[in-house]
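Written below as structure tokens is the structure these notes are about.
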2 protein chains.
Amino acid sequence: VRVAVDVMGGDRAPGEILKGCWQAAELLSGDDMVHLVGDGAIINDALSTNPVPANKLKHYNVVATTQIIEMDDSPVESIRAKPDSSIAVMCRMVSKGEADAVISAGNTGACVAASQLRMRLLPGVARPGIAVVLPTFHGPVVVCDVGAQVIAKPKYLQQFALMASAYSHDLFNIETPRVALLSIGEEDAKGTGTVKEARKLLRDEPLINFIGNIEGKDVFKGTCDVIVCDGFVGNILLKFTEGLSEGIFQTMAAEMEQESAEVFEKFKGVAKRIWARHDWQEHGGAPLLGVGGICMICHGRSEAKAIKNAIRVAKQLVNSGVNAKITARIAQSIQVTDE
Amino acid sequence: VRVAVDVMGGDRAPGEILKGCWQAAELLSGDDMVHLVGDGAIINDALSTNPVPANKLKHYNVVATTQIIEMDDSPVESIRAKPDSSIAVMCRMVSKGEADAVISAGNTGACVAASQLRMRLLPGVARPGIAVVLPTFHGPVVVCDVGAQVIAKPKYLQQFALMASAYSHDLFNIETPRVALLSIGEEDAKGTGTVKEARKLLRDEPLINFIGNIEGKDVFKGTCDVIVCDGFVGNILLKFTEGLSEGIFQTMAAEMEQESAEVFEKFKGVAKRIWARHDWQEHGGAPLLGVGGICMICHGRSEAKAIKNAIRVAKQLVNSGVNAKITARIAQSIQVTDE
């Protein structure tokens with residue numbers, strides 16, 4: 001498997017990104033190749049001092065680029081204006097058959113735009129969706145979409161369900177993932193027109209194991225494996241989870257510290273354990289489902305661990321043939337119009 | 001102030017609702033009146049055995065009704081089909097000038113429908129919005145709307161900001177509440193078309209202290225006093241907060257218990273303290289802003305404490321004249337079309 005990694009993208013690039021690539025050495029064998037895409041001088045310098053065993057060095061290749069897409073660059077414009085940026089170059093490598101997967105912790109919008117432009121959509125797919133793994137107290141839940149489409153038509157939600165089910169199946173080995181539609185009540189009559197229409201599509205689709213609507217309070221109750229929503233709601237929810245969790249742990253830490261030094265130590269150990277068990281970095285990144293290649297979008301705050309895991313998941317998805325499964329499911333599904 | 005309370009609505013009705021009404025006795029003086037609306041036999045029976053001091057009994061009045069709107073009844077239909085339900089009767093009392101405020105922990109949709117139908121909208125208001133107080137680690141934040149309008153036009157969001165500012169001002173004595181628009185990024189270009197349009201309206205409106213977009217992760221960071229969003233997103237977020245908070249505390253409790261009995265006791269104390277400090281029941285309920293009366297919508301799980309506090313807040317809002325302020329602000333604001 002050939003994975004192109006964006007060395008220039010993310011809050012901690014290039015240091016943590018490269019570190020993650022070196023940590024991934026143990027995952028690499030056979031024809032595996034990690035293409036390090038970015039500033040040639042920086043990468044070569046890091047390569048010369050890196051801690052990778054000599055027998056693994058053949059799995060790394062430098063692809064020097066001269067431009068950088070910043071976090072606040074306009075997605076579509078930057079792809080056109082910066083053709084030699086790491087993101088643009090990586091996606092072109094997939095389109096030319098030189099790489100199977102791309103990984104970036106950089107500008108999400110640019111990754112989505114470049115993937116769609118270069119890798120094209122899989123046959124029958126109307127819009128791609130970002131599928132993130134939310135580590136809940138009852139196991140991982142895949143949420144799709146979390147930001148590729150700010151507005152979703154019913155058809156997109158139907159396809160997000162099909163694609164995310166294939167992903168959940170291949171990633172977690174769940175035979176028939178339980179799919180829920182995020183809404184404001186369990187009843188048919190609740191939600192926007194789009195949600196109500198999507199509910200019918202999901203219910204009627206034999207390829208989807210649809211369990212019904214899910215409310216915000218039930219997301220963490222372990223009742224489903226996949227949650228489908230539009231990218232606006234999904235993105236708000238994802239970032240909200242981060243903010244609220246951190247807030248609760250901080251508030252609790254401050255209180256525990258006032259109890260006693262000993263209690264505080266115990267608390268810190270417990271918090272660390274819980275945090276580790278629900279660490280988003282364990283899942284690496286979120287694939288953009290529906291494009292003709294594997295595109296792993298990582299959190300801007302990704303550290304080495306996230307990059308290493310993104311490489312692991314990208315390999316897994318290429319090897320499992322998730323895109324062939326998505327294409328087959330989309331072709332077999334009930335065909336609905338785009339409106 | 002005359003407050004009509006729905007004795008029949010909510011998961012813990014009528015017991016906890018009535019208990020809340022009795023607990024509110026200490027808040028009642030002068031011409032204050034609590035109209036107990038619901039099953040006459042139940043209420044009279046409870047009145048005869050209630051723990052309210054004799055000198056406060058004159059502040060209670062029984063309004064017997066014969067119908068009940070269930071939690072899953074269709075809002076608009078049930079209001080028409082059950083004219084003698086507590087919710088329908090309460091809203092009619094306001095329209096006839098017999099009550100200033102209504103409080104219900106029952107069917108939210110029916111409360112919204114009945115309030116809109118009977119109390120009418122305040123002059124200039126396009127749509128009402130439910131404004132809930134989210135108890136964050138940096139103080140209370142008012143979120144509007146959390147469920148009255150599943151789809152919001154830019155104009156509605158502008159008016160939610162004006163109305164929720166007036167509410168935040170009157171409830172928390174904040175001179176010029178900082179208003180944020182919930183979106184998926186801080187930049188102008190982020191979000192749905194509606195959000196981008198609303199952003200312009202909020203920025204241009206001199207009556208609104210607009211601080212810009214806010215992302216999900218920043219909701220709990222104390223950067224704003226009011227958050228504006230459509231009712232679909234707001235409702236999901238609200239219920240999500242509940243589910244996630246409970247999940248974290250439960251997970252942590254299970255871990256702490258394994259540490260030692262002593263540590264677990266300490267933790268329980270701390271958790272209880274934090275929970276109490278962020279107890280939504282302290283804020284009673286969420287007003288439906290924009291209707292010609294005070295309508296307090298309480299959580300279905302409300303206990304006595306929430307009902308008592310809803311009575312307190314209803315009194316406060318009637319006395320502060322929040323609706324006159326909302327009407328004035330709407331009249332003075334930049335007038336935009338409904339599209």
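The values are calculated or read from the model by the stated rules, or taken from the named source; none is laboratory data. Nothing here was measured: the structure is a model prediction, and the numbers come from that model. Neighbour counts run over all protein chains shown; Cβ positions are idealised from the backbone, glycine included. In case anyone asks, the SASA skips ligands and DNA or RNA and just uses the protein heavy atoms, side chains included. Shrake-Rupley method; radii C 1.70, N 1.55, O 1.52, S 1.80 Å.
When you go through (1) open to solvent by less than 10 Å² (accessible area, probe 1.4 Å); (2) part of a helix (DSSP H, G or I); (3) not acidic (Asp, Glu) one by one for A:GLY106, which number turns out not to apply?
(2)
Quickly run through the range B:206-232 and pick out the residues that are in a helix (DSSP H, G or I) and open to solvent by 10 Å² or more (accessible area, probe 1.4 Å). Even if it seems obvious, please write down each step before you answer.
Of the residues in the range B:206-232, the ones in a helix (DSSP H, G or I) are B:216-218, B:231-232.
Result: B:LYS217, B:ASP218, B:PHE232.
Of B:ASN44, B:ASN61, which residue is polar (S, T, N, Q), more than 14 Å from chain A (Cβ to nearest Cβ) and in a helix (DSSP H, G or I)?
Values: B:ASN61 fails: in a helix (DSSP H, G or I).
Exactly one residue qualifies, and that residue is B:ASN44.
Within the range A:148-164, track down each residue that is within 20 Å of A:CYS295 (Cα to Cα), in a loop (DSSP other than H, G, I, E, B) and hydrophobic (A, V, I, L, M, F, W, C).
Once the filter is applied, which keeps residues that are within 20 Å of A:CYS295 (Cα to Cα), in a loop (DSSP other than H, G, I, E, B) and hydrophobic (A, V, I, L, M, F, W, C), the range A:148-164 yields A:ALA148, A:VAL150.
Only one of these conditions is not met by A:HIS35: (1) within 21 Å of A:ASN323 (Cα to Cα); (2) outside any helix (DSSP H, G or I). Which number is it?
(1)
Hey, any hits in the range A:247-268 for a residue that's outside any helix (DSSP H, G or I) and in contact with a Leu (Cβ under 9 Å, 6 or more places away or on another chain)?
Let us first name the residues in the range A:247-268 that are outside any helix (DSSP H, G or I), namely A:260.
Then drop every residue that is not in contact with a Leu (Cβ under 9 Å, 6 or more places away or on another chain), which leaves none.
Looking for residues that are outside any helix (DSSP H, G or I) and in contact with a Leu (Cβ under 9 Å, 6 or more places away or on another chain), one finds none in the range A:247-268, hence no.
Could you tell me whether any residue of the range B:222-230 is hydroxyl-bearing (Ser, Thr, Tyr) and at the interface with another protein chain (Cβ under 8 Å from one of its Cβ atoms)?
Just the residues of the range B:222-230 that are hydroxyl-bearing (Ser, Thr, Tyr), to begin with: B:223.
From what's left, at the interface with another protein chain (Cβ under 8 Å from one of its Cβ atoms): none.
Checked against the condition, which is being hydroxyl-bearing (Ser, Thr, Tyr) and at the interface with another protein chain (Cβ under 8 Å from one of its Cβ atoms), the range B:222-230 yields no hits at all.
Within the range A:293-314, work out how many residues are in a helix (DSSP H, G or I), open to solvent by 10 Å² or more (accessible area, probe 1.4 Å) and under 25 Å from A:ALA113 (Cβ atoms).
Taking the range A:293-314 first, the residues in a helix (DSSP H, G or I) are A:304-314.
When the remaining residues are screened for being open to solvent by 10 Å² or more (accessible area, probe 1.4 Å), the result is A:305, A:308-309, A:312.
Adding the requirement that they be under 25 Å from A:ALA113 (Cβ atoms) leaves A:309.
The total comes to 1.
From A:ALA105, A:ALA99, A:ALA166, grab the single residue that is within 24 Å of A:GLN332 (Cβ to Cβ) and of a type in the set (Gly, Ala, Ser). Full working, then the answer.
Working: A:ALA105 fails: within 24 Å of A:GLN332 (Cβ to Cβ); A:ALA99 fails: within 24 Å of A:GLN332 (Cβ to Cβ).
The match here is A:ALA166.
How about the range A:166-199: which of its residues are under 24 Å from A:VAL291 (Cα atoms), open to solvent by 40 Å² or more (accessible area, probe 1.4 Å) and touching a Ser or Thr at 6+ places or on another chain (Cβ under 6 Å)?
Passing the criteria: only A:ILE174.
Could you run through the range A:169-188 and say how many residues are within 18 Å of the chain's Cα centre (by Cα) and of a type in the set (D, E, K, R)?
So the answer is 1.
Name every residue in the range A:239-266 that is more than 7 Å from chain B (Cβ to nearest Cβ) and touching a residue at least 12 places away in the same chain (Cβ under 8 Å), in order of residue number.
A:PHE249, A:ALA253
Conditions (1) in contact with a Lys or Arg (Cβ under 6 Å, 6 or more places away or on another chain); (2) open to solvent by less than 20 Å² (accessible area, probe 1.4 Å); (3) modelled with pLDDT under 95, marked per residue:
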site	(1), (2), (3)
A:ASP32	no, yes, no
A:GLY40	no, yes, no
A:ASN50	no, no, yes
A:GLU70	no, no, yes
A:VAL76	no, no, yes
A:ALA81	no, no, no
A:ASP84	no, no, no
A:ILE87	no, yes, no
A:SER95	yes, no, no
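Has the range B:123-135 got at least one residue that is part of a loop (DSSP other than H, G, I, E, B), closer than 23 Å to B:CYS21 by Cβ, open to solvent by 10 Å² or more (accessible area, probe 1.4 Å) and in contact with a strand residue (DSSP E or B) (Cβ under 6 Å, 6 or more places away or on another chain)?
Within the range B:123-135, none of the residues are part of a loop (DSSP other than H, G, I, E, B), closer than 23 Å to B:CYS21 by Cβ, open to solvent by 10 Å² or more (accessible area, probe 1.4 Å) and in contact with a strand residue (DSSP E or B) (Cβ under 6 Å, 6 or more places away or on another chain).
Within the range B:190-220, can you find the residues that are more than 24 Å from A:ALA110 (Cβ to Cβ) and touching a strand residue (DSSP E or B) at 6+ places or on another chain (Cβ under 8 Å)?
Across the range B:190-220, the qualifying residues are B:ALA198, B:LEU202, B:ARG203, B:ILE208, B:ASN209, B:PHE210, B:ILE211, B:VAL219, B:PHE220.
Looking at the range B:280-292 only, could you name the residues that are open to solvent by 10 Å² or more (accessible area, probe 1.4 Å) and either within 13 Å of B:GLN116 (Cβ to Cβ) or within 14 Å of chain A (Cβ to nearest Cβ) (or both)?
Across the range B:280-292, the qualifying residues are B:TRP280, B:GLY292.
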